[in-house]
Each structure stands twice: as C-alpha cells, then as structure tokens.
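Since every read-out is calculated from the coordinates, none of them should be taken as a lab result. Computed from a predicted structure; not experimentally measured. Backbone-built Cβ (ideal geometry, glycine too); neighbour counts: all protein chains shown.
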Amino acid sequence: MTKKQRALAMIEKLKEIYPLAECTLDYEDAWQLLVGVRLAAQCTDARVNIVLEVLFDKYPTVEALAKAEPEEIEAIVRPCGLGKSKARDISACMRILHEKYNDRVPETFEEILSLPGVGRKSANLIMGDVFGKPAIVTDTHCIRLVNRMGLVDGIKDPYKVEMALWKIIPPEEGSDFCHRLVIHGREVCDARNPKCDQCPVAELCKQVLTKK
C-alpha cells in the first residue's frame with residue numbers, strides 16, 4: 001500500500017468514526033480564532049476557551065482589543081502561559097487588522113502569515129476553518145499520528161510534514177482530516193498509552209502492522 005492509498009483509506013475511515021470535524025477553540029469571527037490560536041501555543045484548548053470568554057467580554061471587537069495596552073491583555077491571558085509574548089503579539093496583530101484591514105482578517109495565506117505571532121499552522125487553520133480553502137494544520141497531534149500511521153517517515157519538522165502531506169492528501173480533505181487526527185489523538189492514539197487494540201484504523205496503521 002502506497003502512502004497515498006493509505007492516506008485516502010484513513011480519510012474515509014476517520015470520516016465514519018468522527019463525522020464532525022471541528023476546531024475545538026470557541027470563536028464566532030475570524031479575528032477571534034486568530035487570538036485563540038495564538039493563546040493555544042503550549043496550552044490546552046479548554047483553558048484557552050475559558051480565557052477567551054473573559055477577554056472577549058471585556059474587548060468584544062477588533063477595535064477594542066487594538067486599543068487595549070499589551071499589559072491589560074497580559075493580565076487576562078496570563079493563565080495560558082507565555083503571557084507577555086502572547087499579549088504583545090495579540091496587541092500588534094489587532095492593531096494591524098484595525099488600521100490596515102478595516103477590522104477584518106485578510107483572506108490570503110501570505111497576508112495572514114505576515115501578521116505578528118502567526119505561523120503556518122495558524123494561517124492554515126484560518127484558511128481552512130474560516131475561508132474554506134485547502135489547508136493542512138500540522139499541530140503536535142497531526143505530526144505524531146501521520147508518522148505513526150506511516151503517512152510520513154520520521155519527519156518531525158512541521159513545514160516538512162505539511163509539504164509531504166500536500167503530496168498525498170486531496171486539497172479539499174486536508175483541513176477536516178487534520179481536525180479528525182486531533183480528535184483521534186486525544187481519544188484513542190494517546191502519545192504515552194495508545195489504545196491500539198481499540199483503534200478502528202489499526203488495520204491501516206503502519207506502526208500496528210509492523211508489530212504483527
């Protein structure tokens with residue numbers, strides 16, 4: 001079985017198991033997801049969602065958040081860790097959205113990627129979830145699982161994993177596939193204690209197959 005054949009089979013199987021492929025960060029507008037993704041670095045989505053509720057209650061618009069001082073933002077986002085740097089990036093990002101983009105998130109990958117604190121993972125998430133464009137979000141779950149499953153071979157660099165997956169994942173499937181990998185990684189394919197005996201895609205997983 002080639003990597004592409006395995007990937008296509010994985011996509012269809014995971015669709016059956018996890019029909020709803022959604023981002024676990026709470027947001028209503030693109031700019032809110034942008035803030036949430038920055039806070040999610042080295043922090044759980046559950047904790048981020050709690051902090052986001054407080055943050056957006058106080059600063060409900062791009063303009064309001066853009067006018068807030070970084071120190072004010074830091075006081076709220078500190079529970080997410082790395083408060084100073086995250087607050088600085090959020091402040092700078094919102095000011096650019098307010099001053100340059102009329103309080104809206106730009107719709108091209110390059111423009112989103114140019115915003116303060118935004119990397120390829122965040123830009124891809126915005127492109128896929130908000131704008132419905134082809135996207136591959138290489139977070140820690142994605143990188144770990146595609147290596148384990150045999151879709152890539154020992155690649156840990158997020159950019160290299162993304163480029164390798166673009167070659168075997170249909171563009172329209174990338175975003176949802178990555179969301180399903182996150183769910184599967186949390187519920188079944190745990191990093192420390194993977195439940196291989198309960199895994200519904202075990203027959204496609206290279207790691208499992210090599211043990212037989």
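In the calculated pair distance distribution of the chain, what percentage of Cα-Cα distances lie above 20 Å?
Percentage above 20 Å: 58.
Could I have the simple spin-label model distance between residue 2 and residue 49, label points 7 Å from Cα toward Cβ, reported in nm to one decimal?
Each label point is offset 7 Å from its Cα along the Cβ direction, giving 4.0 nm.
For the chain, find the longest principal axis of its Cα atoms and tell me its angle to the long axis of helix 30-39, 0 to 90°, nearest 10.
80
Find which of 128, 43, 62 sits farthest along the positive direction of the dipole of region 30-129, computed with +1 on the beta-carbon of Lys and Arg, -1 on that of Asp and Glu, about the Cα centre.
The residue sitting farthest along the positive end of the dipole is 43.
So how strong a dipole does the chain carry about its Cα centre when Lys and Arg Cβ are +1 and Asp and Glu Cβ are -1, to the nearest 20 debye?
For the chain, the charge dipole is close to 1200 debye.
How big is the dipole moment of region 30-129 about its Cα centre under a simple scheme where the beta carbon of each Lys and Arg is +1, that of each Asp and Glu is -1, and everything else is neutral? Debye, nearest 20, please.
With only Lys, Arg, Asp and Glu charged at Cβ, the dipole is about 300 debye.
Choose one answer from 120, 148, 180: the residue with the largest mean-square fluctuation in a GNM of the chain with alpha-carbon springs under 10 Å.
Among 120, 148, 180, the largest mean-square fluctuation in the Gaussian network model of the chain belongs to 148.
Enter the angle in degrees (range 0 to 90, nearest 10) between the Cα long axis of helix 174-187 and the first principal axis of the Cα atoms of the chain, meaning the one along which they spread out most.
The angle comes out near 80 degrees.
Between the alpha-carbon centers of region 133-168 and region 6-50, tell me the distance in whole angstrom.
So the separation of the two Cα centres works out to 16 Å.
Helix 3-17 sits at what angle to the longest principal axis of the chain, using alpha carbons and giving 0 to 90 degrees rounded to 10?
Helix 3-17 sits at roughly 70 degrees to that axis.
Highest mean first, what order results for 191-200, 72-81 on Cβ atoms within 10 Å?
Ranking the peptides 191-200, 72-81 by packing returns 72-81, 191-200.
Compute the length gained on full extension between residue 57 and residue 167: take 0.36 nm times their separation in residues and subtract their Cα-Cα distance, giving the result in nm to one decimal.
35.4 nm
For residue 78 and residue 160, what does the FRET efficiency come to when R0 = 45 Å and r is the distance between their Cβ atoms, rounded to the nearest 0.05?
Computed FRET efficiency for residue 78 and residue 160: 0.85.
Find how much the distance from residue 71 to residue 103 grows on full extension, using 0.36 nm per residue of separation minus their present alpha carbon separation; answer in nm with one decimal.
That works out to 9.4 nm of additional length.
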